[in-house]
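What follows is one structure encoded as structure tokens, with my remarks underneath.
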Amino acid sequence: MPTVRYVFHIADAPAHGGEFDTGESQKGCTCGISTDAVIHAINVKEIHYRLIKVTHNAKLDKMGKHFQKLMTNYEETTIQKANELDVRVSDMVMRELLPDA
């Protein structure tokens with residue numbers, strides 16, 4: 001079986017950058033790396049990106065839709081409580097690795 005790499009992004013707010021936020025973070029990441037550059041690297045390295053939203057808000061939903069358009073392997077879910085995290089992560093991985101189970 002080939003190696004599968006994942007990024008589990010647990011978020012309660014969108015990524016920094018003007019395309020998602022109008023507050024202090026609209027200038028982008030202080031490191032200078034753009035969101036699109038990170039998405040490109042994830043795609044090139046064939047990393048499976050999983051967004052786990054801790055809350056529903058319009059800015060976070062907008063970010064998710066943007067990421068979904070650009071990423072080759074994207075999935076998202078929402079949790080209401082921290083104790084749901086292990087079940088959601090396990091479910092995401094198991095459905096992919098054992099699709100017929």
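List of remarks:
- The one condition from (1) at pLDDT below 95; (2) closer than 19 Å to Met71 by Cα that Gly28 does not meet is (2).
- Being hydrophobic (A, V, I, L, M, F, W, C), over 20 Å from Thr77 (Cβ atoms), modelled with pLDDT of 95 or more and under 16 Å from the mean Cα position of the chain (by Cα) is a property that does not hold for Ala37.
- The residues of the range 77-90 include none that are exposed (fewer than 14 other Cβ atoms within 10 Å of the Cβ) and in contact with a strand residue (DSSP E or B) (Cβ under 8 Å, 6 or more places away or on another chain).
- Residue count for the range 54-100, restricted to those that are assigned to a helix (DSSP H, G or I) and farther than 20 Å from Pro2 by Cα: 20
- For the range 48-65, residues that are touching a helix residue (DSSP H, G or I) at 6+ places or on another chain (Cβ under 8 Å) and either on the phi > 0 side of the Ramachandran plot or of a type outside the set (Lys, Arg) (or both) total 4.
The values are calculated or read from the model by the stated rules, or taken from the named source; none is laboratory data. Just so it is clear, the structure is predicted and the values come from calculations on it, not from any experiment. Heads up, the Cβs are rebuilt from the backbone with ideal geometry, glycines too, and the neighbour counts pull from every protein chain shown.
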